[in-house]
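Down below is the structure, laid out as structure tokens.
Just so you know, all these numbers are worked out from the coordinates, no wet-lab data involved. The shown structure was predicted, so the numbers you read here are calculated from the model rather than taken from an experiment. Methodologically, a virtual Cβ is constructed for each residue, glycine included, from the backbone with ideal geometry; neighbour enumeration extends over all protein chains shown.
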Amino acid sequence: MTEPKYKRIILKLSGEALAGDSGFGIQPPTIDEICREIKDVHDLGIEIAIVVGGGNIWRGHVGSEMGMERSQADYMGMIATVMNALALQDCLENTGVPTRVQTSIEMRQVAEPYIRRKAIRHLEKGRVVIFAGGIGSPYFSTDTTAALRAAEINADVIMMAKNNVDGIYSADPNVDKTAVKYEKLTYLEIINQSLQVMDTTASSLSMDNDIPLVVFNLNQTGNIKRVALGETIGTTVRRTHNE
């Protein structure tokens, strides 16, 4: 069997990834397929932490645009990520994968509060840890959560699963047919070229902590495992081109 490239990973899933073609809510066939792929990676002995968004249920910036107070709208988005995390937990455990959900907003009846040392211990014991609730503060995205948690738990890589796009392009390939796909980039190039991958806070945090990022297409079956094994797919982002 091929030796995995990474020992401990952060898998970043958007909320929309759970919604399937409907674009809203949680679609059982879609989440079941994602959980089977995560199980395949778990079976390799890789330690997996997941950060999931909430855009399939609520987006804070949408509420803000509607006239809501921004912090209130963002807290609603954080709660949406908890709903997605609990759905992922149930699905994974139905496939035989032990999990723990940790939230940055305390809600002890449904999940553990986020405690770094406890999260690492769960990972060492072979449990998948799902981080929900963002970082617990408004104005920060779940991309930033992924970068922060990756630094805190000493993850080897952030694996960012995208819907219907197989990497980072110079423009939106669904709109601009002349868009060029990048195989390798640096975080500074992402920031300077304003490429829509991670927000600037997340990119800076990942760069400062030298955490590689792999952006790939979630909708192609087996891609999560391929990235974990080190296959060259999607786009890889590092601090410098020499790494």
Where the centre of each part is set by its Cα atoms, how far does the stretch 52-127 sit from the stretch 164-214, in angstrom?
-> 25 Å
List the relative contact order of the chain as a percent without decimals, with contacts defined as Cα pairs under 8 Å and 6+ residues apart.
-> 22 percent
Structure-derived Rg and Dmax of the Cα atoms in Å - corresponding label in (i) 16.9, 55; (ii) 16.7, 50; (iii) 22.4, 79 = (i)
Would you tally the net charge around TYR139, using a Cβ to Cβ cut-off of less than 14 Å, leaving TYR139 out, and scoring K and R as +1, D and E as -1?
-> -2
Any helix of the chain counts here only if DSSP assigns it H throughout, its Cα atoms span 30 Å or more along the axis, and its mean Kyte-Doolittle hydropathy is at least -1.0, and such helices are 70-94
So which trypsin sites (Lys or Arg not before Pro) in the stretch 126-190 end up in coil per DSSP with only 12 or fewer other C-beta atoms within 10 Å?
-> LYS177
Starting from the Cα-Cα distance between VAL62 and VAL110, subtract it from 0.36 nm times their residue separation and give me the gain in nm to one decimal.
-> 14.6 nm
Please identify every one of the GluC sites (Glu not before Pro) in the stretch 44-86 that sits in a loop by DSSP and has no more than 12 other beta carbons within 10 Å of its own beta carbon.
-> GLU69
Go through SER22, GLY167, VAL227 and say which Cα lies farthest out towards the positive end of the charge dipole of the chain; charges sit on Cβ, +1 for Lys and Arg, -1 for Asp and Glu.
-> VAL227
Could you pull out every residue, at least 5 positions away or on a different chain, whose amide H is within less than 5 Å of the one on LYS184? Hs are placed 1.01 Å off N in the peptide plane, and Pro or chain starts have none.
-> THR236
SER71-THR2 pseudo-label distance in nm [points 7 Å out on the Cα-to-Cβ vector] | 4.8 nm
By the C-alpha gyration tensor axes a ≥ b ≥ c (rounded if a/c is under 1.5, else prolate when a/b exceeds b/c, else oblate), the shape of the stretch 15-69 is oblate
Which residue fluctuates the most in the chain, going by a Gaussian network model with Cα springs under 10 Å, if the choices are MET160, MET198, MET78?
-> MET198
Förster radius 35 Å - calculated FRET efficiency between GLU189 and ASN164 (Cβ-Cβ, nearest 0.05) | 0.90
Looking at the chain, what % of its DSSP beta bridges pair antiparallel, to the nearest 5?
-> 15 percent
Taking K and R as +1 and D and E as -1, what net charge do the other residues with C-beta under 12 Å from the C-beta of ILE9 add up to?
-> +4
Do the sum for the chain: with -39,500 (n - 2.57) for every DSSP H run of n ≥ 4, divided by all residues, what is the mean residue ellipticity at 222 nm, to the nearest 500 deg cm²/dmol?
-> -11000 deg cm²/dmol
